[in-house]
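The values are calculated or read from the model by the stated rules, or taken from the named source; none is laboratory data. All values reported here derive from a predicted model rather than from experimental measurement. Cβ placement follows ideal geometry from the backbone for every residue including glycine, while neighbour counts extend to all protein chains displayed. Ligands, DNA and RNA are excluded from the accessible area calculation, which covers all protein heavy atoms including side chains. Shrake-Rupley method; radii C 1.70, N 1.55, O 1.52, S 1.80 Å.
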Amino acid sequence: MYAVLHPPNFAAQVAAQQRPELRKRPFALIDGEPPADFVVAANKAARVLGVEIGMTRLQGESFPEVVIVPRVHGEEVSAQTILHTITCMFSPRIEYVETHPGTYVLDIQGMNTLFGDAGQLAARLRQRVMSAGFLANVAVSQNFDTAVCLALGRTGSSVVPSGEEANAMRDLPLRVLDLAPEHEEMFQSWGIRNCGDLAALSETDLIARIGQVGKRLHSLARGAWPHLMFPIEPSFEESLIEWMELDFPMELLEPLLFLLARMTDALLERVKSKARAIALLRVVLHLDGGNRHERIIRPALPLHDKPTLLKLLQLDLETHPPSAAIVSLELHAQSAPPYRAQHGLFLPQAPEPGVLEVTLARLRKLLGEERVGSIELKDDHRPNAFRMIPYVPPPPAKSDKPPLSVPTALRVYRPPQAVGVTLVGNAPARVFWDGQRYAVREIAGPWRVNGQWWSEANWCREEWDVRLVTESVERVCRIAFDPRSRYWYVQGTYD
């Protein structure tokens, strides 16, 4: 058994509800980008004056008594939310009819114990919608599409007894069947005006003339077309939220973690029921005084290990504690497919991802957020410019064989090591480094580099590649001179 709620002329009803001054005046709603905007809805007073759907804005403005109002889609979305809430009060299984804005179909099988018989439920549903400010038609039938057509074609409440669907559909106009323009014109030329005339035709002859769509229209006109209901289901991601209001403000972290453990456990049960894992946790702490303290925990890999998630929450809140006592808290989660890795029989077992996450969180607490993560080179002219980004596991290693030739690498010192340099002409001749005196046997350079002269972070230096030798040691390195500080230093050595 199905009950259909249909607010006729929904867009005009919403506009009149939001602008009470329009209720006693003829008005038309326009939508689209100028100059291609057109009339999408009009109230009864405007239609009596001759306003039709599809007119251009200029044609609508040719009626001096009609008020032209721009359509606001946000208002209609809010109105649909109200209707959706009302329908959920009468049935747990509802379907939204997208072709008719504001129209909902309710599966009312078994609802008689709560709301009475079908007639009483239809009356109560219509009364509840009208109290919210909307005029609506309600139809009840054993057939899904019959109930929809009756709600579109009849005013008020309609209840069709089982087996009387064809008689109920007989006098309804053909527009309730949502005909294509070519079929509407064809039936008009045949002299068919209502569903009864269409049902009286031979189904075989109708299919021979217009194809398989004729079978569907013929069954709809007789109230016999089967329909598989697709009820609206709440989004799984939207359900991953836990909220708790405290009896008294809380300042200590330990009792807060006890509450977060219960909330995390509830979220894990939900994601495990869908064979998923938690990829993100967002903690929102409402503080005494009206402020909010929000933190986001984003593991590198989706986890379903409760102790690891709680440890990450604890370390993050210890690193970033709230500034006041907590009066309520929220815990939001995002799910993702769990991480699965296939290990070889003869390969060593890698550490668990959760253990690595906890280790990184401990390091962030001790060293700071900007000192832990992966190094990323910056798009900058400054040599060796980099920044720290959150750690992301590397992609699987390729099986390609490494090249035979190994390139020379510069092993950079951080920080650079200060040295003393003796010049001959303008080039280094001797270098004093680590208490030893080196002679410069070969030299290349200088390379002068500088940048950001317009800011306090400006930099410049002269770089040299040198081969330093003593009686027993030989080293190849890069040295540089900073004109601002008048210091020489070693940048790194070559392997």
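When only residues in region 421-457 that are hydroxyl-bearing (Ser, Thr, Tyr) and at pLDDT 85 or above count, which is most open to solvent (accessible area, probe 1.4 Å)?
Out of the qualifying residues, it is Thr422.
Could you identify the single residue in Ser162, Ser235, Ser189 that is among the small types (Gly, Ala, Ser), loosely packed, with under 12 Cβ neighbours inside 10 Å and within 30 Å of Ala275 (Cα to Cα)?
Ser235
Within region 300-315, is there a residue that is in a strand (DSSP E or B), touching a strand residue (DSSP E or B) at 6+ places or on another chain (Cβ under 9 Å) and at pLDDT below 85?
Yes, region 300-315 contains a residue that is in a strand (DSSP E or B), touching a strand residue (DSSP E or B) at 6+ places or on another chain (Cβ under 9 Å) and at pLDDT below 85.
Please list, ordered by first then second residue, the pairs with beta carbon atoms under 7 Å, 6 or more apart or interchain, first in region 210-221 and on the phi > 0 side of the Ramachandran plot, second open to solvent by 50 Å² or more (accessible area, probe 1.4 Å) and part of a helix (DSSP H, G or I).
none
Can you spot a residue in region 51-64 that is open to solvent by 40 Å² or more (accessible area, probe 1.4 Å), part of a helix (DSSP H, G or I), touching a residue at least 24 places away in the same chain (Cβ under 8 Å) and farther than 23 Å from Ile232 by Cβ?
Looking through region 51-64, at least one residue is open to solvent by 40 Å² or more (accessible area, probe 1.4 Å), part of a helix (DSSP H, G or I), touching a residue at least 24 places away in the same chain (Cβ under 8 Å) and farther than 23 Å from Ile232 by Cβ.
Quick one: count up the residues across region 305-337 that are open to solvent by 50 Å² or more (accessible area, probe 1.4 Å), under 28 Å from Ser235 (Cα atoms) and among the polar types (S, T, N, Q).
Summing the residues that are open to solvent by 50 Å² or more (accessible area, probe 1.4 Å), under 28 Å from Ser235 (Cα atoms) and among the polar types (S, T, N, Q) in region 305-337 gives 1.
Mind telling me which of the residues Arg25, Arg126 ends up being in contact (Cβ under 8 Å) with a residue 12 or more places away in the chain, in a helix (DSSP H, G or I) and charged (D, E, K, R)?
Checking each option against the conditions leaves just Arg126.
Select, from Ile207, Ile241, the only residue that is open to solvent by 20 Å² or more (accessible area, probe 1.4 Å), β-branched (Val, Ile, Thr) and closer than 30 Å to Pro181 by Cβ.
Matching residue, one of Ile207, Ile241: Ile207.
Among the residues of region 458-495, what is the count of those that are open to solvent by 20 Å² or more (accessible area, probe 1.4 Å), under 15 Å from Gln417 (Cα atoms) and hydrophobic (A, V, I, L, M, F, W, C)?
Residues meeting the conditions: 3.
List the pairs whose first member sits in region 410-422 and is under 10 Å from Arg478 (Cα atoms), whose second member is among the basic types (Lys, Arg), and whose Cβ atoms are under 9 Å apart, counting only residues at least 6 apart or on separate chains?
Leu410/Arg478; Val412/Arg478
Residues are listed down the side, and each one gets a yes or a no for (1) surrounded by fewer than 18 Cβ atoms within 10 Å (Cβ to Cβ); (2) assigned to a loop (DSSP other than H, G, I, E, B):
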{"residue": "Leu83", "(1), (2)": "no, no"}
{"residue": "Ser91", "(1), (2)": "no, yes"}
{"residue": "Glu95", "(1), (2)": "no, no"}
{"residue": "Gly110", "(1), (2)": "yes, yes"}
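What are the residues in region 186-234 that are within 22 Å of Val160 (Cα to Cα) and of a type in the set (A, V, I, L, M, F, W, C), if any?
Cys195, Leu198, Ala199, Ala200, Leu217, Leu220, Ala221, Ala224, Trp225, Leu228, Met229
Looking at (1) among the aliphatic types (A, V, I, L, M); (2) more than 31 Å from the chain's Cα centre (by Cα); (3) closer than 27 Å to Gln18 by Cβ, find the lone condition where Met169 falls short.
(3)
Inspect region 129-150 for any residue being in a helix (DSSP H, G or I), open to solvent by 50 Å² or more (accessible area, probe 1.4 Å) and closer than 29 Å to Gln18 by Cα and give the result as yes or no.
Yes; the residues of region 129-150 include at least one that is in a helix (DSSP H, G or I), open to solvent by 50 Å² or more (accessible area, probe 1.4 Å) and closer than 29 Å to Gln18 by Cα.
Return the pairs, sorted by first residue and then second, in which the second residue is modelled with pLDDT under 85 and aliphatic (A, V, I, L, M), the first residue lies in region 471-495 and is closer than 18 Å to Arg448 by Cβ, the beta carbons are less than 8 Å apart, and the residues are 6+ apart or on different chains.
Arg478/Leu410; Gln491/Leu410; Gln491/Val412
Suppose we filter region 151-171 for residues that are part of a loop (DSSP other than H, G, I, E, B) and acidic (Asp, Glu); how many remain?
Counting residues in region 151-171 that are part of a loop (DSSP other than H, G, I, E, B) and acidic (Asp, Glu) gives 2.
With respect to Glu185, determine if the residue is more than 36 Å from the chain's Cα centre (by Cα) and more than 30 Å from Pro337 (Cα to Cα).
yes
Could you run through region 10-25 and say how many residues are buried (at least 19 other Cβ atoms within 10 Å of the Cβ) and either among the polar types (S, T, N, Q) or over 18 Å from Gly133 (Cα atoms) (or both)?
So the count comes out to 1.
Residues that are among the β-branched types (Val, Ile, Thr): list the helices (runs of 4 or more DSSP H) wholly contained in region 172-244 that include at least 1 such residues.
Of the helices (runs of 4 or more DSSP H) lying wholly inside region 172-244, those with at least 1 residues that are among the β-branched types (Val, Ile, Thr) span 203-210, 213-222.
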